[in-house]
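Scroll down for the structure; my scribbles are underneath it.
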Amino acid sequence: MGKRSSIIKTLRDIAFDHADAPVPDLASMARDFGSMLHARHAEVDEALGALRQRRRGFERWMLAERATPAISVLVMAWPPGYATPVHDHGGLWGLEATLSGALEVESFLKDPQLESLRSIGRTWLGPGDATWFEGTDDHAHRCRNLSRHDTALTLHVYGGDLAQYLAYEQPGPSDHWIARPRQSIIAGRLTA
Ligand SMILES: [Fe+2]
């Protein structure tokens, strides 16, 4: 089995094993990814490094998906300085881990009645670090590649197919936010 194949299968298996539980233990999933990514960081870089060299902008790659229990596993490539809008995850639970590079994640609490979002903190993720959220409707975040020079790679696990989500814009200085539907565009599939 090649290194790329081995890494892809290992990442998929960690995600699928944890997602078999009725309520996945995301902290435990994050620990398993963290120890695997620390132990095998050179192999991960070798297996997925080509995604950092493409220079085609922000890209999502499907690593694995399953209908029951529902789960999708993606790798995303972040150009230098790239930042997402504030966005939700369609009510799905999710985990996002850094494979290479460093990301800033700012989390928001959503109040659907007031159409407002409140920042509730920032975290910084280096290689092997992860953040996660439960499948609630009140969570949103925005993420940014902290490097001005290097493409970052991240791993994303969601409790379903995140084909659509909402991105939020704040048109003025008030607390009012406007939600716009977005489609997740997949650049391709990573095959083991
Ligand atoms: Fe996200």
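The values are calculated or read from the model by the stated rules, or taken from the named source; none is laboratory data. As the structure is a computational prediction, the values presented were derived from the model and not from experiment. Cβ atoms come from the backbone with ideal geometry, glycine included; neighbour counts cover every protein chain shown. These accessible areas exclude ligands, DNA and RNA; they are computed on the full protein's heavy atoms, side chains included. Shrake-Rupley method; radii C 1.70, N 1.55, O 1.52, S 1.80 Å.
Couple of notes before you dig in:
- For the chain, the fraction of 1.4 Å probe accessible surface lying on carbon and sulfur atoms is 50 percent.
- Nearest 10 degrees, 0 to 90: helix 26-39 Cα axis against the chain principal axis: 40 degrees
- Cα-based helix-to-principal-axis angle, 3-19 vs the chain, degrees rounded to 10: 50 degrees
- Estimated dipole of the chain in Debye, rounded to 20 [Cβ of Lys and Arg +1, of Asp and Glu -1, Cα centre]: 860 debye
- Over the chain, Cα pairs under 8 Å with separation of 6+ residues give a relative contact order of 28 percent.
- Solvent-accessible surface of the stretch 88-192, taken per residue with a 1.4 Å probe and all protein chains present: 52 Å².
- What the phi angles of the stretch 166-176 give under the Karplus curve with 6.51, -1.76 and 1.60, with θ = phi - 60°, is a coupling list of 10, 10, 10, 10, 10, x, x, x, 6, 7, 6 Hz, glycine and proline written as x.
- q = 0.11, 0.15, 0.16, 0.17 Å⁻¹: log10 I(q)/I(0) that the Debye formula gives for the stretch 3-189, counting C-alpha atoms only: -0.46, -0.87, -1.00, -1.13
- Annotation for Ala50 and Ile120: the two label points, set 7 Å from Cα along the Cα-Cβ direction, are 4.1 nm apart.
- Per-peptide packing, taken as the mean over residues of other Cβ atoms within 10 Å, places 118-125, 75-82 in the sequence 75-82, 118-125 from highest down.
- Positive dipole terminus of the stretch 3-189, leading residue within Ile120, Ser6, Val105 (C-beta point charges): Ser6
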